[in-house]
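Everything on this sheet refers to the single structure shown next.
The values are calculated or read from the model by the stated rules, or taken from the named source; none is laboratory data. Not measured: the values here are computed from a predicted model. Here the Cβ positions follow ideal geometry from the backbone for every residue, glycine too, while neighbour counts run over all protein chains shown. Note: areas computed on protein heavy atoms with side chains; ligands, DNA, RNA excluded. Shrake-Rupley method; radii C 1.70, N 1.55, O 1.52, S 1.80 Å.
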Amino acid sequence: MKILVTGGAGFIGSHLCKRLLKDDHEVLCVDNLFTGNKNNILELTENKKFEFLRHDITFPLYVEVDQIYNLACPASPIHYQFDPVQTTKTSVHGAINMLGLAKRTRARILQASTSEVYGDPEVHPQPENYWGRVNPIGIRSCYDEGKRCAETLFFDYHRQHKLDIKVIRIFNTYGPNMHPNDGRVVSNFIMQALHNKNITIYGDGSQTRSFQYVDDLICGMLAMMKSSKRFVGPVNLGNPVEFTIKELAEKVLEMIPESKSKIIFKKLPQDDPRKRKPDISLAKKELNWEPKIKLEEGLIKTIEYFRNLNK
Ligand code: NAD
Ligand code: UDP
(Lines give C-alpha, C1' and ligand atoms only; values in the text may rest on other atoms or scores of the structure.)
(Ligands and ions follow the chains in the order given, each with its own letter.)
Protein backbone atom coordinates (compact mmCIF):
# COMPACT_ATOMS: atom_id res chain seq x y z
CA MET A 1 0.00 0.00 0.00
CA LYS A 2 0.97 3.63 -0.44
CA ILE A 3 0.72 5.22 2.98
CA LEU A 4 0.89 8.90 3.93
CA VAL A 5 2.27 9.76 7.38
CA THR A 6 1.88 13.43 8.31
CA GLY A 7 4.32 14.49 11.03
CA GLY A 8 6.48 11.59 9.87
CA ALA A 9 9.78 13.26 10.81
CA GLY A 10 8.69 13.70 14.42
CA PHE A 11 9.19 11.37 17.36
CA ILE A 12 6.26 8.95 16.88
CA GLY A 13 5.99 9.51 13.11
CA SER A 14 9.58 8.41 12.48
CA HIS A 15 9.00 5.12 14.33
CA LEU A 16 5.79 4.59 12.38
CA CYS A 17 7.45 5.25 8.99
CA LYS A 18 10.21 2.77 9.86
CA ARG A 19 7.74 0.07 10.83
CA LEU A 20 5.57 0.60 7.69
CA LEU A 21 8.67 0.28 5.47
CA LYS A 22 9.61 -2.91 7.33
CA ASP A 23 6.15 -4.22 6.45
CA ASP A 24 7.01 -3.44 2.80
CA HIS A 25 4.66 -0.50 2.24
CA GLU A 26 5.46 2.63 0.26
CA VAL A 27 5.67 5.56 2.67
CA LEU A 28 5.16 9.24 1.92
CA CYS A 29 6.35 11.25 4.92
CA VAL A 30 4.98 14.80 5.00
CA ASP A 31 6.37 17.21 7.57
CA ASN A 32 7.11 20.95 7.84
CA LEU A 33 10.01 20.18 10.25
CA PHE A 34 8.66 22.52 12.95
CA THR A 35 9.52 20.04 15.72
CA GLY A 36 10.54 17.14 13.52
CA ASN A 37 14.07 16.50 12.41
CA LYS A 38 15.57 15.02 9.25
CA ASN A 39 17.96 13.00 11.43
CA ASN A 40 14.96 10.99 12.67
CA ILE A 41 14.36 9.73 9.12
CA LEU A 42 17.94 9.78 7.80
CA GLU A 43 18.31 5.98 7.73
CA LEU A 44 14.94 5.65 5.92
CA THR A 45 15.95 7.86 2.99
CA GLU A 46 18.07 5.05 1.54
CA ASN A 47 14.94 2.96 1.08
CA LYS A 48 13.43 3.41 -2.42
CA LYS A 49 9.94 2.98 -0.97
CA PHE A 50 10.39 6.07 1.22
CA GLU A 51 9.71 9.62 0.11
CA PHE A 52 9.94 12.84 2.15
CA LEU A 53 7.94 15.95 1.30
CA ARG A 54 8.42 19.21 3.20
CA HIS A 55 4.91 20.59 3.46
CA ASP A 56 2.68 22.31 5.99
CA ILE A 57 -0.65 20.48 6.31
CA THR A 58 -2.55 23.70 6.98
CA PHE A 59 -2.30 24.00 3.17
CA PRO A 60 -4.05 21.51 0.84
CA LEU A 61 -2.12 18.51 -0.41
CA TYR A 62 -2.82 16.61 -3.63
CA VAL A 63 -1.30 13.12 -3.63
CA GLU A 64 -2.60 9.62 -4.34
CA VAL A 65 -2.54 7.32 -1.30
CA ASP A 66 -4.36 4.28 0.12
CA GLN A 67 -4.05 5.10 3.81
CA ILE A 68 -3.34 8.19 5.91
CA TYR A 69 -1.94 8.48 9.44
CA ASN A 70 -2.46 12.09 10.57
CA LEU A 71 0.18 12.84 13.21
CA ALA A 72 1.31 16.34 12.27
CA CYS A 73 1.06 18.61 15.32
CA PRO A 74 3.59 19.76 17.91
CA ALA A 75 2.95 17.67 21.01
CA SER A 76 4.99 19.13 23.85
CA PRO A 77 3.59 22.08 25.82
CA ILE A 78 6.54 24.41 25.08
CA HIS A 79 6.30 23.74 21.36
CA TYR A 80 2.52 23.87 21.00
CA GLN A 81 2.42 27.06 23.10
CA PHE A 82 5.17 28.72 21.03
CA ASP A 83 2.72 29.67 18.25
CA PRO A 84 -0.70 28.69 19.62
CA VAL A 85 -2.64 29.99 16.61
CA GLN A 86 -0.56 27.79 14.31
CA THR A 87 -1.18 24.84 16.67
CA THR A 88 -4.94 25.20 16.35
CA LYS A 89 -4.61 25.70 12.59
CA THR A 90 -2.53 22.53 12.31
CA SER A 91 -5.12 20.51 14.21
CA VAL A 92 -8.21 22.00 12.58
CA HIS A 93 -7.23 23.18 9.06
CA GLY A 94 -4.79 20.26 8.90
CA ALA A 95 -7.59 17.80 9.71
CA ILE A 96 -9.89 19.40 7.12
CA ASN A 97 -7.17 19.14 4.46
CA MET A 98 -6.31 15.53 5.30
CA LEU A 99 -9.98 14.54 5.51
CA GLY A 100 -10.54 16.19 2.12
CA LEU A 101 -7.67 14.16 0.74
CA ALA A 102 -9.16 10.98 2.24
CA LYS A 103 -12.55 11.84 0.76
CA ARG A 104 -11.12 12.25 -2.74
CA THR A 105 -8.88 9.17 -2.63
CA ARG A 106 -11.29 7.10 -0.44
CA ALA A 107 -8.28 6.30 1.77
CA ARG A 108 -8.75 5.04 5.32
CA ILE A 109 -7.58 7.81 7.68
CA LEU A 110 -6.33 7.58 11.27
CA GLN A 111 -6.20 10.58 13.58
CA ALA A 112 -3.58 10.78 16.34
CA SER A 113 -5.72 12.34 19.06
CA THR A 114 -4.65 12.64 22.65
CA SER A 115 -5.47 12.01 26.30
CA GLU A 116 -5.47 15.82 26.56
CA VAL A 117 -9.08 15.71 25.27
CA TYR A 118 -9.93 14.60 28.84
CA GLY A 119 -8.29 17.77 30.23
CA ASP A 120 -7.85 17.74 34.02
CA PRO A 121 -10.15 14.74 34.56
CA GLU A 122 -12.65 14.06 37.38
CA VAL A 123 -12.95 10.43 36.23
CA HIS A 124 -10.01 8.13 36.90
CA PRO A 125 -8.83 6.12 34.99
CA GLN A 126 -10.22 7.74 31.84
CA PRO A 127 -12.54 5.64 29.63
CA GLU A 128 -13.37 6.76 26.08
CA ASN A 129 -16.96 7.66 27.00
CA TYR A 130 -15.76 10.33 29.46
CA TRP A 131 -16.27 13.74 27.81
CA GLY A 132 -13.45 15.46 29.65
CA ARG A 133 -12.84 18.67 31.55
CA VAL A 134 -10.96 21.08 29.34
CA ASN A 135 -10.45 24.80 29.90
CA PRO A 136 -11.41 26.39 26.54
CA ILE A 137 -9.40 29.62 27.09
CA GLY A 138 -6.23 28.54 28.87
CA ILE A 139 -2.66 28.17 27.62
CA ARG A 140 -3.15 24.46 26.84
CA SER A 141 -6.41 25.06 24.96
CA CYS A 142 -4.83 25.58 21.52
CA TYR A 143 -3.74 21.94 21.68
CA ASP A 144 -6.59 20.39 23.68
CA GLU A 145 -9.44 22.16 21.87
CA GLY A 146 -7.68 21.83 18.51
CA LYS A 147 -7.50 18.07 19.00
CA ARG A 148 -11.11 17.94 20.23
CA CYS A 149 -12.27 19.85 17.15
CA ALA A 150 -10.26 17.49 14.93
CA GLU A 151 -12.12 14.55 16.50
CA THR A 152 -15.42 16.33 15.75
CA LEU A 153 -14.37 16.79 12.12
CA PHE A 154 -13.39 13.14 11.82
CA PHE A 155 -16.77 11.97 13.13
CA ASP A 156 -18.70 14.44 10.95
CA TYR A 157 -16.83 13.34 7.81
CA HIS A 158 -17.62 9.76 8.85
CA ARG A 159 -21.35 10.45 9.32
CA GLN A 160 -21.77 12.93 6.46
CA HIS A 161 -19.39 11.54 3.82
CA LYS A 162 -19.13 7.89 4.98
CA LEU A 163 -15.38 8.25 5.39
CA ASP A 164 -13.45 5.26 6.72
CA ILE A 165 -12.02 6.83 9.89
CA LYS A 166 -10.03 5.63 12.91
CA VAL A 167 -9.42 7.79 15.99
CA ILE A 168 -6.87 6.91 18.65
CA ARG A 169 -6.24 8.82 21.88
CA ILE A 170 -2.56 8.56 22.70
CA PHE A 171 -1.42 8.82 26.34
CA ASN A 172 2.08 10.04 27.34
CA THR A 173 4.57 8.24 25.11
CA TYR A 174 8.37 8.26 25.27
CA GLY A 175 11.37 6.69 23.56
CA PRO A 176 14.26 7.35 21.17
CA ASN A 177 13.85 10.22 18.66
CA MET A 178 12.11 12.43 21.21
CA HIS A 179 13.30 16.00 20.82
CA PRO A 180 15.96 16.44 23.56
CA ASN A 181 14.74 19.95 24.43
CA ASP A 182 11.03 19.60 23.94
CA GLY A 183 10.33 20.10 27.63
CA ARG A 184 8.41 16.87 28.12
CA VAL A 185 9.02 15.22 31.41
CA VAL A 186 10.84 12.04 30.34
CA SER A 187 13.25 13.82 27.97
CA ASN A 188 13.76 16.68 30.46
CA PHE A 189 14.62 14.43 33.40
CA ILE A 190 16.99 12.23 31.36
CA MET A 191 18.78 15.20 29.74
CA GLN A 192 19.07 16.96 33.13
CA ALA A 193 20.45 13.81 34.80
CA LEU A 194 22.96 13.19 32.00
CA HIS A 195 24.20 16.80 32.19
CA ASN A 196 24.30 16.95 36.02
CA LYS A 197 21.70 19.72 35.99
CA ASN A 198 18.91 20.09 38.55
CA ILE A 199 15.94 17.78 37.96
CA THR A 200 13.00 20.18 37.70
CA ILE A 201 9.81 18.82 39.24
CA TYR A 202 6.86 21.15 38.60
CA GLY A 203 4.60 21.44 41.66
CA ASP A 204 5.18 18.93 44.46
CA GLY A 205 5.55 16.00 42.05
CA SER A 206 2.40 14.24 43.29
CA GLN A 207 0.66 14.65 39.90
CA THR A 208 0.56 11.37 37.99
CA ARG A 209 1.11 10.20 34.42
CA SER A 210 1.21 6.74 32.80
CA PHE A 211 4.13 6.29 30.40
CA GLN A 212 3.96 4.19 27.27
CA TYR A 213 7.04 3.10 25.34
CA VAL A 214 6.81 4.06 21.65
CA ASP A 215 7.06 0.46 20.30
CA ASP A 216 3.89 -0.50 22.19
CA LEU A 217 2.09 2.51 20.71
CA ILE A 218 3.14 1.63 17.15
CA CYS A 219 1.71 -1.91 17.58
CA GLY A 220 -1.55 -0.37 18.80
CA MET A 221 -1.68 2.09 15.89
CA LEU A 222 -1.19 -0.67 13.32
CA ALA A 223 -3.80 -2.86 15.04
CA MET A 224 -6.28 0.04 14.92
CA MET A 225 -5.55 0.78 11.26
CA LYS A 226 -6.11 -2.91 10.42
CA SER A 227 -9.26 -3.31 12.51
CA SER A 228 -12.73 -3.84 11.05
CA LYS A 229 -14.38 -0.84 9.33
CA ARG A 230 -17.13 -0.95 11.95
CA PHE A 231 -14.74 0.02 14.76
CA VAL A 232 -13.88 3.70 14.36
CA GLY A 233 -12.90 4.52 17.97
CA PRO A 234 -12.03 6.70 19.71
CA VAL A 235 -9.79 4.22 21.47
CA ASN A 236 -7.26 4.91 24.23
CA LEU A 237 -3.70 3.74 23.56
CA GLY A 238 -1.54 4.05 26.64
CA ASN A 239 0.14 2.17 29.43
CA PRO A 240 -2.14 1.89 32.46
CA VAL A 241 0.70 1.72 35.00
CA GLU A 242 0.60 5.05 36.82
CA PHE A 243 3.53 6.90 38.43
CA THR A 244 3.84 10.19 40.26
CA ILE A 245 6.25 12.64 38.62
CA LYS A 246 8.40 12.42 41.77
CA GLU A 247 8.64 8.65 41.34
CA LEU A 248 9.71 9.16 37.73
CA ALA A 249 12.45 11.61 38.79
CA GLU A 250 13.75 9.13 41.37
CA LYS A 251 13.67 6.26 38.86
CA VAL A 252 15.66 8.28 36.28
CA LEU A 253 18.28 9.19 38.90
CA GLU A 254 18.51 5.56 40.01
CA MET A 255 19.10 4.51 36.40
CA ILE A 256 21.82 7.12 35.81
CA PRO A 257 23.84 6.45 39.00
CA GLU A 258 26.82 8.62 37.98
CA SER A 259 24.58 11.70 37.85
CA LYS A 260 25.24 14.48 40.36
CA SER A 261 21.83 16.07 39.75
CA LYS A 262 19.57 17.11 42.62
CA ILE A 263 15.80 17.31 42.54
CA ILE A 264 14.35 20.84 42.76
CA PHE A 265 10.71 21.97 42.79
CA LYS A 266 9.33 24.65 40.48
CA LYS A 267 5.92 26.26 39.97
CA LEU A 268 3.25 23.97 38.48
CA PRO A 269 2.18 25.27 35.03
CA GLN A 270 -1.41 26.51 34.56
CA ASP A 271 -4.03 23.78 33.90
CA ASP A 272 -1.51 20.96 34.41
CA PRO A 273 -3.67 17.80 34.82
CA ARG A 274 -3.45 16.36 38.36
CA LYS A 275 -3.67 12.76 37.21
CA ARG A 276 -3.85 10.69 34.09
CA LYS A 277 -4.20 7.00 33.43
CA PRO A 278 -5.91 5.25 30.52
CA ASP A 279 -8.69 2.72 30.83
CA ILE A 280 -7.61 0.37 28.04
CA SER A 281 -10.43 -2.23 28.23
CA LEU A 282 -11.76 -1.13 24.82
CA ALA A 283 -8.36 -1.56 23.10
CA LYS A 284 -7.99 -4.98 24.74
CA LYS A 285 -11.43 -6.08 23.57
CA GLU A 286 -11.47 -4.64 20.05
CA LEU A 287 -7.78 -4.75 19.10
CA ASN A 288 -6.49 -7.52 21.38
CA TRP A 289 -3.79 -4.99 22.30
CA GLU A 290 -2.08 -4.01 25.50
CA PRO A 291 1.36 -2.55 26.21
CA LYS A 292 4.14 -5.02 27.01
CA ILE A 293 7.16 -2.83 27.79
CA LYS A 294 7.75 -1.89 31.42
CA LEU A 295 8.93 1.63 32.33
CA GLU A 296 12.41 0.49 33.34
CA GLU A 297 12.95 -1.42 30.08
CA GLY A 298 11.81 1.54 27.99
CA LEU A 299 13.90 3.99 30.01
CA ILE A 300 17.07 1.92 29.41
CA LYS A 301 16.63 2.33 25.63
CA THR A 302 15.70 6.01 25.91
CA ILE A 303 18.63 6.86 28.18
CA GLU A 304 20.97 5.09 25.73
CA TYR A 305 19.56 7.17 22.87
CA PHE A 306 20.11 10.47 24.71
CA ARG A 307 23.60 9.39 25.84
CA ASN A 308 24.58 8.78 22.19
CA LEU A 309 23.13 12.14 21.13
CA ASN A 310 25.57 13.83 23.48
CA LYS A 311 28.62 12.17 21.92
P1 NAD B 1 6.55 15.63 17.47
O2 NAD B 1 6.51 17.08 17.75
O3 NAD B 1 7.85 14.91 17.63
O4 NAD B 1 6.00 15.32 16.01
C5 NAD B 1 5.05 16.12 15.36
C6 NAD B 1 5.52 16.31 13.92
O7 NAD B 1 4.56 17.08 13.21
C8 NAD B 1 6.86 17.05 13.81
O9 NAD B 1 7.72 16.35 12.96
C10 NAD B 1 6.47 18.41 13.26
O11 NAD B 1 7.51 19.00 12.51
C12 NAD B 1 5.26 18.05 12.43
N13 NAD B 1 4.35 19.18 12.21
C14 NAD B 1 3.87 20.06 13.12
N15 NAD B 1 3.04 20.93 12.53
C16 NAD B 1 2.97 20.59 11.20
C17 NAD B 1 2.28 21.10 10.08
N18 NAD B 1 1.48 22.16 10.19
N19 NAD B 1 2.46 20.49 8.89
C20 NAD B 1 3.29 19.42 8.76
N21 NAD B 1 3.97 18.89 9.78
C22 NAD B 1 3.80 19.46 11.00
O23 NAD B 1 5.43 14.95 18.41
P24 NAD B 1 5.06 13.43 18.64
O25 NAD B 1 5.21 13.16 20.08
O26 NAD B 1 5.71 12.55 17.65
O27 NAD B 1 3.49 13.47 18.34
C28 NAD B 1 2.91 12.99 17.13
C29 NAD B 1 1.40 13.06 17.23
O30 NAD B 1 0.95 12.26 18.32
C31 NAD B 1 0.88 14.47 17.48
O32 NAD B 1 -0.29 14.67 16.71
C33 NAD B 1 0.54 14.47 18.95
O34 NAD B 1 -0.50 15.36 19.24
C35 NAD B 1 0.13 13.02 19.18
N36 NAD B 1 0.33 12.63 20.58
C37 NAD B 1 1.58 12.43 21.09
C38 NAD B 1 1.72 12.08 22.43
C39 NAD B 1 3.07 11.82 23.05
O40 NAD B 1 3.14 11.53 24.25
N41 NAD B 1 4.16 11.86 22.33
C42 NAD B 1 0.59 11.97 23.25
C43 NAD B 1 -0.65 12.22 22.70
C44 NAD B 1 -0.79 12.53 21.36
N1 UDP C 1 7.00 18.08 34.41
C2 UDP C 1 7.91 18.27 35.44
N3 UDP C 1 9.17 18.67 35.11
C4 UDP C 1 9.58 18.86 33.84
C5 UDP C 1 8.65 18.65 32.78
C6 UDP C 1 7.37 18.27 33.10
O7 UDP C 1 7.59 18.09 36.62
O8 UDP C 1 10.75 19.21 33.65
C9 UDP C 1 5.63 17.62 34.75
C10 UDP C 1 4.51 18.45 34.12
O11 UDP C 1 4.19 19.57 34.91
C12 UDP C 1 3.39 17.43 34.08
C13 UDP C 1 4.12 16.10 33.84
O14 UDP C 1 5.47 16.32 34.22
O15 UDP C 1 2.74 17.35 35.32
C16 UDP C 1 4.09 15.63 32.40
O17 UDP C 1 4.49 16.70 31.58
P18 UDP C 1 4.68 16.57 30.00
O19 UDP C 1 4.93 17.95 29.51
O20 UDP C 1 5.68 15.52 29.71
O21 UDP C 1 3.30 16.01 29.47
P22 UDP C 1 1.76 16.39 29.71
O23 UDP C 1 1.64 17.43 30.79
O24 UDP C 1 1.32 16.90 28.39
O25 UDP C 1 1.15 15.11 30.12
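Per-structure values
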item	result
Relative pair counts by distance (%), Cα atoms of the range 1-62, 5 Å bins	4, 21, 36, 23, 13, 3
Separation in nanometres of the label points that stand 7 Å from Cα toward Cβ, at ASP83 and GLU258	3.9 nm
Cα Rg, Dmax, the range 156-226, angstrom units	17.3, 55
Residue-normalised accessible area of the chain, given per residue in Å² at a 1.4 Å probe	46 Å²
Area accessible to solvent at VAL65, 1.4 Å probe radius, in Å²	10 Å²
Dipole magnitude of the range 96-252 about its Cα centre (Cβ charges: Lys, Arg +1; Asp, Glu -1), debye to nearest 20	880 debye
Carbon plus sulfur fraction of accessible area for the chain, probe 1.4 Å, in percent	52 percent
Computed magnitude of the charge dipole of the chain (debye, nearest 20; Cβ of K, R +1, Cβ of D, E -1)	240 debye
Furthest towards positive pole of dipole, LEU99, GLN212, PHE34, structure part the chain, Cβ charges	LEU99
Kirkwood Rh in Å, taken over all unlike Cα pairs in the range 147-186	12.7 Å
Percentage of interatomic Cα-Cα distances in the range 19-107 larger than 19 Å	44 percent
Cleavage-rule hits, GluC sites (Glu not before Pro), the range 219-311, DSSP coil, Cβ neighbours within 10 Å at most 12	GLU258
Given charges at Cβ of Lys, Arg, Asp, Glu: the range 197-311 dipole, positive-most of PHE306, SER227, ALA249	SER227
Rounded tilt (10° steps) of 11-22 against the dominant C-alpha axis of the chain	50 degrees
Loop-located trypsin sites (Lys or Arg not before Pro) in the range 95-134, at most 13 other Cβ atoms within 10 Å (DSSP)	ARG106
The chain: relative contact order as a whole-number percent, Cα under 8 Å and 6+ apart	18 percent
Label zone at ASN129 (point 7 Å along Cα-to-Cβ), backbone N below 18 Å, the range 268-311	278-287
Added length on full extension, which subtracts the Cα-Cα distance from 0.36 nm per residue, LYS38 to ASP271	80.6 nm
Extension gain from ILE137 to LYS294, taking 0.36 nm per residue of separation minus the Cα-Cα distance	52.9 nm
Degrees separating the helix 141-161 axis from the principal Cα axis of the chain, which is the longest one	20 degrees
Å³ per residue enclosed by the Cα convex hull of the chain	121 Å³
Mean ellipticity per residue at 222 nm, deg cm²/dmol - from DSSP H runs of n ≥ 4 across the chain, formula -39500 (n - 2.57)	-11500 deg cm²/dmol
Coil-residue chymotrypsin sites (Phe, Trp or Tyr not before Pro) of the range 210-242, DSSP, other Cβ within 10 Å capped at 15	PHE231
Signed unit charges on C-beta, dipole axis of the chain, positive-most listed residue ALA72, SER187, LEU268	ALA72
Between the range 124-197 and the range 287-311, the alpha-carbon center distance in angstrom	19 Å
For the range 251-300: rounded, prolate or oblate by the Cα gyration tensor [a/c cutoff 1.5]	oblate
